[in-house]
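To keep things clear, I will list the structure first and then write my remarks on it.
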Amino acid sequence: MKGKIIKSTGSWYQVLELETNTIYEARIRGKFKLIKTRLTNPLAVGDFVEFQLEQDNIAWITKIESRKNYLIRKSVNLSKEAHIIASNIDLACFIFTLKHPETSLGFLDRFLACCEAYNITPLILFNKIDVLNDEEIELVKDIEFLYQEIGYDTLEISSYSRLNLEELQDLLKDKTSVFFGHSGCGKSTLVNALQPGLNLKTSEISDTHLKGKHTTTFAQMHFWDFGGNVIDTPGVREFAMIDIEKEEVQHYFPEIFKKREECKFHNCLHINEPKCAVIDALEKGEIQHSRYSTYIKLMDEAEEAAQK
């Protein structure tokens with residue numbers, strides 16, 4: 001039987017049988033756990049699998065189909081390198097909030113680089129527009145313009161005033177999507193606004209640190225009435241890339257990759273090489289310092305990983 005993983009709690013899964021839309025509680029065979037991997041989880045929500053039913057209608061997963069793509073986060077388990085957040089994604093939405101909580105550009109840039117690396121279409125959602133004053137709205141528009149210039153799609157939204165939610169539904173229709181952002185960015189509130197009746201748990205922002213409290217503790221797929229589905233995930237503190245050579249990192253920053261053709265040396269890494277077009281563009285303000293800073297960090301991480 002063929003199915004799709006729609007919920008993962010770590011030890012148990014829910015699998016949706018594709019022909020009848022029947023949901024079964026499922027486990028994996030021990031052999032999957034023995035496979036040497038740099039990932040903490042062999043299965044993720046969004047995976048297509050083969051399974052067989054045994055006593056009490058428990059599904060035993062016997063095969064994992066090849067993934068179209070996936071996103072991973074850094075693992076809290078030091079013995080492993082990363083944890084798959086979700087797989088087979090059509091659209092990855094990053095929820096950016098200027099305040100309550102403040103979203104760092106570095107976090108956004110790392111997310112975008114991961115989308116480039118794993119061939120996932122990103123969408124930047126500028127959320128909580130309704131709580132911003134005129135000066136803050138102008139700042140959001142400036143940030144939005146910078147990323148549009150690079151080539152990324154953006155949309156200003158509000159779950160409470162329902163700003164552009166119909167446009168967002170059109171973009172999500174018939175796709176498998178996933179929402180990311182700092183805890184407290186309004187992810188669960190947005191899902192509830194798009195699909196009334198889901199009643200995903202939400203939380204207030206912590207007054208002490210102006211950060212959100214984690215409300216989602218495991219990944220789960222929810223289905224939109226207007227077509228398609230969304231994978232609800234626990235808050236992600238930092239995205240990760242594995243098996244990436246440092247020479248490849250520039251491929252995942254479109255504005256840097258475009259400029260590389262003008263560099264004197266074809267193997268330029270844009271750090272301190274002479275006649276580097278990227279450094280020149282950085283000094284002229286054509287490439288953002290925040291983006292370049294994330295590029296350097298990812299280069300350093302790739303080099304450290306190669307030395308392990």
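Any read-out appearing in this document is the output of simple, stated calculations on the displayed coordinates, not a laboratory observation. No experiment lies behind these values; they were computed from the predicted model shown. Reconstructed Cβ throughout: ideal geometry from the backbone, glycine too, with neighbour counts over all protein chains shown.
At a glance:
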| read-out | value |
| --- | --- |
| Unit charges on C-beta of K, R, D, E only; dipole of segment 2-160, Debye | 1360 debye |
| Label-point separation, residue 198 to residue 306 (7 Å along Cα→Cβ), nm | 4.1 nm |
| Neighbour net charge for residue 263 - beta-carbon separation under 12 angstrom, K R +1, D E -1 | +1 |
| Distance violations [Cα-Cα > 25 Å] among 173/259; 74/128; 128/173 | 173/259; 74/128 |
| Lys/Arg +1, Asp/Glu -1 at C-beta; the chain dipole; positive extreme among 279, 169, 43 | 43 |
| Dipole moment magnitude, nearest 20 debye, the chain about Cα centre, only Lys, Arg, Asp, Glu C-beta charged | 1360 debye |
| Relative contact order for segment 246-307, counting Cα pairs under 8 Å that sit 6 or more residues apart, in percent | 35 percent |
| Charged-residue dipole, Cβ positions (Lys, Arg, Asp, Glu), segment 2-66 about Cα centre, Debye nearest 20 | 460 debye |
| Cysteines in the chain lacking a second Cys C-beta under 4.7 Å | 93, 114, 115, 185, 276 |
| Positive-end residue of 95, 28, 254, charge dipole of the chain with Cβ unit charges | 28 |
| Modelled FRET efficiency - R0 51 Å, residue 139 with residue 21, Cβ distances, 0.05 increments | 0.65 |
| Contact order relative to length of the chain, as percent, for alpha carbon pairs under 8 angstrom and 6 or more apart | 16 percent |
| FRET efficiency estimate (nearest 0.05) - Cβ-Cβ, residue 9 to residue 265, R0 45 angstrom | 0.35 |
| Sites residue 243 and residue 175, calculated FRET efficiency, Cβ-Cβ separation with R0 22 Å, nearest 0.05 | 0.25 |
| Computed over segment 2-66: relative contact order in percent, which uses C-alpha pairs under 8 Å that are six or more apart | 34 percent |
